[in-house]
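Step one of this worksheet: look at the structure below.
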Amino acid sequence: MDIVNLEALTTDPIAFLSTDDARVYVLRLDKVHNIISGNKWFKLRFFIQDAIQQNKDTIVTFGGAYSNHIIATAAACRIYSLKSIGVIRGETPKIYSSTLSEAAALGMKFYFVDRNFYRNKKIPFEIDEQRHYIIPEGGYGAKGAEGAASISYKKSQFNVVCCAVGTGTTMAGLINSRGNNAEVLGISVLKNNFSITNEIKYLLNDKDANVKIDHNFHFGGYAKSTPELFNFMNWMYETSGIPTDFVYTGKLFYGVKKLIADGHFPKKSSILVIHSGGLQGNLSLRKGTLIF
Ligand SMILES: *Cc1c(COP(=O)(O)O)cnc(C)c1O
């Protein structure tokens, strides 16, 4: 059951990040599907499989107005002839974001809820156990991590794997599936989200797991940005032709570059950076902010 194009998944050297001490490569998960981009399909796949096995006909999930998870869920449900419902944070907008317009076109129905209601993950309608299957926000959970563990790359080639961290589900999967005792390093995109370490240990079912998160590259917090971040993303695109998103992967690559410059990684490291996709989120930016 693979609805994404795994043939398109490449591991490419990134010359602009490589030094005498570190060879750096990027895993282009952003290329596997034009809508279900990056890590989102991997996190969704076992939830969807489970829903189908349980004969549920509707997926219910949560997200914001620009959520990569919402659009990916809408598209995946469409492909599997499942209905989808998005519980969206915030008031009903006068104009839908590009993400919501596209998700609606894919058949997703929305319930808009205020932030308190959303925070408590309440569902604003009666759940029908026969029909509704609930996927946590961002695909968080054991099934999501199991799916992320199926992200494939040449394990023997790398001693460091770097990824952006939101819910930590992707990172948990990458830790579980790593080879070689590789170091998996997460760049947190939320500000001071120190509880993430325990959330990942919980997903790993190992309270002693060695979970390495860097908290220095959030650029002000989730979906926050600075001109420096945009300059970096534009420079990276000019230099390498690789587009990034400002919520996750821009911060990830910026962080990896800085950490290499600071000599953070062991000498002669071979580093794999996971490009987890999410480029559609850039549509929330003012035109002209990015050159791609
Ligand atoms: C959702 C997302 C992430 C974060 O993944 P988690 O498993 O929630 O940590 C990283 N990158 C992109 C592009 C995403 O859309």
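The values are calculated or read from the model by the stated rules, or taken from the named source; none is laboratory data. Predicted model, so just to flag it, every value in this text is computed and none were measured. Neighbour counts are summed over all protein chains in view; Cβ atoms, including those assigned to glycine, are modelled from backbone coordinates with ideal geometry. Note: accessible area is taken over every heavy atom of the protein model, side chains too, but ligands, DNA and RNA are not part of it. Shrake-Rupley method; radii C 1.70, N 1.55, O 1.52, S 1.80 Å.
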Quick count over the range 47-83, residues being closer than 16 Å to S97 by Cβ and hydroxyl-bearing (S, T, Y), is 3
How many residues, within the range 209-226, are open to solvent by 40 Å² or more (accessible area, probe 1.4 Å) and either closer than 18 Å to L279 by Cα or at pLDDT below 95 (or both)?
-> 6
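Can you say whether Y96 is away from the ligand (no atom under 13 Å from the Cβ), without any contact (Cβ under 8 Å) to a residue 40 or more places away in the chain and in contact with a helix residue (DSSP H, G or I) (Cβ under 9 Å, 6 or more places away or on another chain), as far as the supplied structure shows?
Yes; evaluated as a whole, the condition is true for this residue.
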Out of the range 146-173, which residues are part of a loop (DSSP other than H, G, I, E, B), within 7 Å of the ligand (Cβ to nearest atom) and not hydroxyl-bearing (S, T, Y)?
-> G166, G168
Look at E126 and say whether it is within 30 Å of D57 (Cα to Cα), touching a strand residue (DSSP E or B) at 6+ places or on another chain (Cβ under 6 Å) and of a type outside the set (G, A, S).
-> no
Inside the range 6-18, can you point out the residues that are open to solvent by less than 40 Å² (accessible area, probe 1.4 Å) and in a strand (DSSP E or B)?
-> none
Is there a residue being within 16 Å of the ligand (Cβ to nearest atom) and at pLDDT 95 or above anywhere in the range 78-86?
-> yes
Going through the range 38-61 in order, the residues found to be open to solvent by less than 10 Å² (accessible area, probe 1.4 Å), over 14 Å from the mean Cα position of the chain (by Cα) and within 15 Å of the ligand (Cβ to nearest atom) are T61
Subset of the range 63-82 that is in contact (Cβ under 8 Å) with a residue 24 or more places away in the chain and out of contact with any helix residue (DSSP H, G or I) (no Cβ under 7 Å at 6 or more places or on another chain) - its residue that is most open to solvent (accessible area, probe 1.4 Å) | R78
